[in-house]
Structure formats: structure tokens, C-alpha cells
Amino acid sequence: MSSLIEVEVKVRIDHPEGISQKLKEAGGVLLGSSRQDDTYLNAPHRDYARTDEALRIRSTPNGAEITYKGPKLEGMGAKAREEMNIPIDDPALFIRLFSALGFTPTAQVEKVREEWSYKGTKVSLDRVAGLGTYAEIEVITGKGDCDNALKKIDLVKKDLNITGEHIPESYLELLLATAK
């Protein structure tokens, strides 16, 4: 089984409504909006902040999942990393299970996300508590096709007039940096 790679660009934005309107006019498909509550856990056998990994339990009104994100791949021009997602029924039970195994809940990230499908990408407009508003454009691809994923992302950024500096840090990293 080959690994899937999430290639993502994140940009801070001021007016998500304008991007939503452009997506609608350009034929984007609204996938929905939801509140997402993410609990991040750190492992007892290694520090994910040092290894650049993440273990997250995400709860939404429509369900929950456990996500493992591997270290960021270097030299990509975007955030790219292996990602595995497993649907679960009871997030609180899994947090208790991981805690019993020595994992430590380290942070909560709360956001409201509006998701669109557009030209082979997923565009997310996120209002993140304590951080602000961001646009994320992502493509899930095989390890050997990251360059094409970046080209798709660049085209979508141009189509939607999303400008600004790419932010390689995760919301978790941004929140932890503001807490210092």
C-alpha cells in the first residue's frame, strides 16, 4: 500500500466571504461548514514537537477521527507530509485510551471550517479561535506527484486571488507560539 501525502498551502486572509463568492461563481462545490474541535496528544516515547509529527483527535457534529501526521517533507515549497485518518465513534473514549497508554493531551484547536471542492483541490476557509482567519488549499496525492499538486494549488490561488505569505506552521504550532 502506498502512502498518501497531503500537500497544503495556508495563507492568512481578511475576507473569507469574497473567496467563498469567487468559488461559487467559478463552479466550486461547497462541501459544508462545521465546527472542528481538535485535541492534540504527545507520545510518551518521543516528543512530537521535536520529531515534527502530530497525533490529533478531531470532533465535529458529523463524527470524529484520529489523524496521524508524519514529519513535513523538506524542499516542497508547501507543507507536505504523510497523513493517516481513522474514523472513530467516541472521541472522549480514545482520549482516555491514549492517556492510559501514556500519551498527554497538549493543546486544543477550535475552528469553524467552510470546505469547498475546486479544480482537484480542497479549499478550506478557517476561522481559528485565538489566531484569525486562513485559507488552506490542499491536494492529497502520491509521494511521486507532489510537483503536480503544487501546480494545482498555485493555479487555485491565482483563480481565487489568494495572496500573502505561505504559512508552513500548523494551527497547533501557531497557537503554541502565541502562548509563549
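Of everything in the stretch 63-109, what is free of Cβ contacts under 8 Å to residues at least 60 places away in the same chain, of a type in the set (A, V, I, L, M) and in a loop (DSSP other than H, G, I, E, B)? Give them in sequence order.
The one that is free of Cβ contacts under 8 Å to residues at least 60 places away in the same chain, of a type in the set (A, V, I, L, M) and in a loop (DSSP other than H, G, I, E, B): 101.
Need the failing condition index for residue 126 against (1) in contact with a Lys or Arg (Cβ under 8 Å, 6 or more places away or on another chain); (2) touching a residue at least 60 places away in the same chain (Cβ under 8 Å); (3) under 23 Å from residue 52 (Cα atoms), just the number.
Single failed check for residue 126: (2).
Only one residue in 139, 156 is hydrophobic (A, V, I, L, M, F, W, C) and modelled with pLDDT of 95 or more. Which one?
156
Can you tell me which residues in the stretch 1-25 are hydrophobic (A, V, I, L, M, F, W, C) and at pLDDT 95 or above?
Those that are hydrophobic (A, V, I, L, M, F, W, C) and at pLDDT 95 or above: 11, 13, 19, 23.
Of a type in the set (Lys, Arg) and more than 19 Å from the chain's Cα centre (by Cα): which single residue out of 96, 12 fits that description?
Result: 96 is the single residue among 96, 12 that is of a type in the set (Lys, Arg) and more than 19 Å from the chain's Cα centre (by Cα).
Inspect the stretch 110-117 for any residue being farther than 22 Å from residue 35 by Cα and either in a strand (DSSP E or B) or in contact (Cβ under 8 Å) with a residue 12 or more places away in the chain (or both) and give the result as yes or no.
Within the stretch 110-117, none of the residues are farther than 22 Å from residue 35 by Cα and either in a strand (DSSP E or B) or in contact (Cβ under 8 Å) with a residue 12 or more places away in the chain (or both).
The values are calculated or read from the model by the stated rules, or taken from the named source; none is laboratory data. All of these numbers come straight from a predicted model, not from anything done at the bench. When we count neighbours, we look across all protein chains shown, and the Cβ atoms used for this are built from the backbone with ideal geometry, even at glycine.
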